[in-house]
Amino acid sequence: MIQHELLRDRGILTLEPKGKLEAADFGALAAVVDPYIEEHGGLNGLLIHAAKFPGWDDFAALLSHLRFVRDHHRKIRRIAVVSDSAVLAVAPKIANHFVSAEIRTFDTADRAAALDWLETG
C-alpha cells in the first residue's frame, strides 16, 4: 500500500509505502495525478519517503509500477528519495538510466529540504 498526497499548491506528489506495493496503488495514484498533469502539464516533483523498499505484492503489482513509471516519468521534473536506507540511496543511480527526471537522495531528517529542492527547481 502507498500512502500519497498531492500538494497541489506546490505541484508535488508525496509517496510513502506502508507495505508491499499493490497493483491498485498505481491506479489510485494515476487517478490523483493525471488530472493535475493534464491541467498543469506536469509535476514539479515527486517525494518518495521510505525507510526501506517494501517490494511488490505480486507480479501484477510490479507490472503496474513499471507502466506507471513509463507513463509518467517525462512529466515529473525532479524526484527526491527521502530515506536512511543504503539500498534506497543507490536506487537513484540506477533509475537515472530509465527516467528523465533529476533524482536526488536526502536523509530522513532532511525531508523539508527535499520538499524545498523539489519546489524550487
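Annotations for the structure displayed:
- Selection among Leu21, Ala31, Phe59 by position relative to the dipole of the chain gives Phe59 as farthest towards the positive end (Cβ unit charges, Cα centre).
- Over the chain, DSSP H runs of length four or greater, each weighted -39,500 (n - 2.57), average out per residue to a 222 nm ellipticity of -13500 deg cm²/dmol.
- Prolate/oblate/rounded label for the chain (Cα gyration tensor, a/c 1.5): rounded
- Couplings for the stretch 16-21, taken from phi via the Karplus curve 6.51 cos²θ - 1.76 cosθ + 1.60 with θ = phi - 60°, read 9, x, 10, x, 4, 6 Hz in order; Gly and Pro are left as x.
- Environment charge at Trp56 (Cβ cut-off 12 Å; Lys +1, Arg +1, Asp -1, Glu -1): -3
- Normalising the average separation of contacting C-alpha pairs (under 8 angstrom, six or more residues apart) by the number of residues puts the relative contact order of the stretch 2-120 at 26 percent.
- FRET efficiency for Glu119 and Ala60, using Cβ-Cβ distance with R0 set to 35 Å, rounded to 0.05: 0.55
- Beta bridge orientation in the chain: antiparallel %, DSSP, nearest 5: 25
- Among Glu22, Glu39, Glu102, residue whose mean-square fluctuation peaks in a GNM of the chain (springs only between Cα atoms under 10 Å): Glu39
Values in this text are rule-based calculations from the coordinates and carry no lab data. If you're wondering where the values come from, they're calculated on a predicted model, not measured in any experiment. Virtual Cβ from ideal backbone geometry, glycine too; neighbours counted across all protein chains shown.
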